[in-house]
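Below is one structure, written out as structure tokens; the observations come after it.
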Amino acid sequence: MDSGSKPARGCIKKQPYLRRAEFFALPNSVQSCKTLNQMSFDQSAVLPELLALSHEFGESGLVILGEGNTSCRVDDETFFVKSSGSSLQSLTANQLTLCRFERLLSLMERDDVLDTEVEACLLESRSHPAAFKPSVETFFHAYLLSLPDINFVGHAHPIQVNRILCSGLARAFSENRQCPDEIVCCGPLSLLIPYVDPGLALAKRIRQDVEEFRRTHGKLPRVILLRNHGVITIGSTVQAVRAAMLMTVKAAEIFTGAQLLGGLRHLPASEIERIENRQDEEYRRKMLKI
């Protein structure tokens, strides 16, 4: 960057706790940043946080090989997302691709898009031409990160949850709660999406159903369940995404075990509403940053 040129909008300072090799593998727009003042929320630790979340998903067995993806919003124009084919367990900073919202969201407005156009869009969405190609699921990350107060997105394929999502009990799991902490971390119900071809088509269906959920319930879902596919959790903090994902996995184990031990006994709607709106539980959410 020329000495007289301005730093790229939405980029972040080099962090002292990022390894030197990882920093210099970042896109130029991130390396060249001199200020955090233009960011729409505090980005001082965003890369270490996103990497830590990714590694936890991988090391906890929520994904294997190249499964799953994570992302975080940088500003109103760009976001980081896991690159295609990379592993969450061993993800490095240079395997996070900085993408532009506009290019991806504009393609979601079109019908009858060819696979070649999807591929071209993913490549063109990169803020740096030398960056790795972003995940094919980058489209739904772009949409979800454009929603109010959503700064992080996590997507995994946990066996415990997919057992249910590949069964006839998926809707019962999404619409009911068994324990209070599931309500605190995951909300009073989850959004269930039917199986749709991963990529642009899935992103469009997620957008359609999230908007319907918001109209019906007056809020966004914290957990999105994809039939025969996996789980998406969203939130304003990385802690919210982590808590919703881990609690969904725990809830799935309880759900399956209860079904095997004689049948499910869901919490009544009145108790779910009570937990969701209790002041002490709201305080606990704030302390947990969820």
Per-residue Cβ neighbour rank within 10 angstrom, fewest leading, Phe152, Phe140: Phe152, Phe140
Relative exposure of Met247, Met287, Met108, judged by other C-beta atoms within 10 Å (fewest first): Met287, Met108, Met247
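What GluC sites (Glu not before Pro) does segment 87-163 have in DSSP loop regions with at most 13 other beta carbons within 10 Å?
Working: sites: Glu102, Glu109, Glu117, Glu119, Glu124, Glu137; in loops: Glu109, Glu137.
For GluC sites (Glu not before Pro) across segment 87-163 that sit outside H, G, I, E and B with at most 13 neighbouring Cβ atoms in 10 Å, the list reads Glu109.
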Projected area averaged over orientations for segment 82-130, convex hull of C-alpha atoms, nm²: 3.9
Dimensionless Rg over Rh [segment 202-290; C-alpha; Kirkwood]: 0.99
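Cut-off is 10 Å between beta-carbons; in what order do Phe101, Phe132 appear when sorted fewest neighbours first? Don't skip to the end; give the middle numbers.
Details: Phe101 20, Phe132 16.
Fewest-to-most ranking of Phe101, Phe132: Phe132, Phe101.
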Cα lying deepest toward the dipole's positive end in segment 20-288, options Ser90, Phe140, Leu264, charges on Cβ: Leu264
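Is the C-alpha gyration tensor of segment 20-288 telling us rounded, prolate or oblate? Criteria: a/c under 1.5 is rounded; beyond that, a/b larger than b/c is prolate, otherwise oblate. Intermediate results must be reported in sequence, preceding the final value.
Details: a/c = 1.76, a/b = 1.53, b/c = 1.15.
In terms of gyration-tensor shape, prolate.
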In segment 20-288, lysine pairs with alpha-carbon atoms under 20 angstrom apart (chain gap of 8 or more, or interchain): 4
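Taken together, the values in this text are just the output of simple stated rules run on the coordinates, not laboratory data. If you're wondering where the values come from, they're calculated on a predicted model, not measured in any experiment. As a convention, Cβ positions derive from the backbone with ideal geometry for all residues, glycine included, and neighbour counts pool all protein chains shown.
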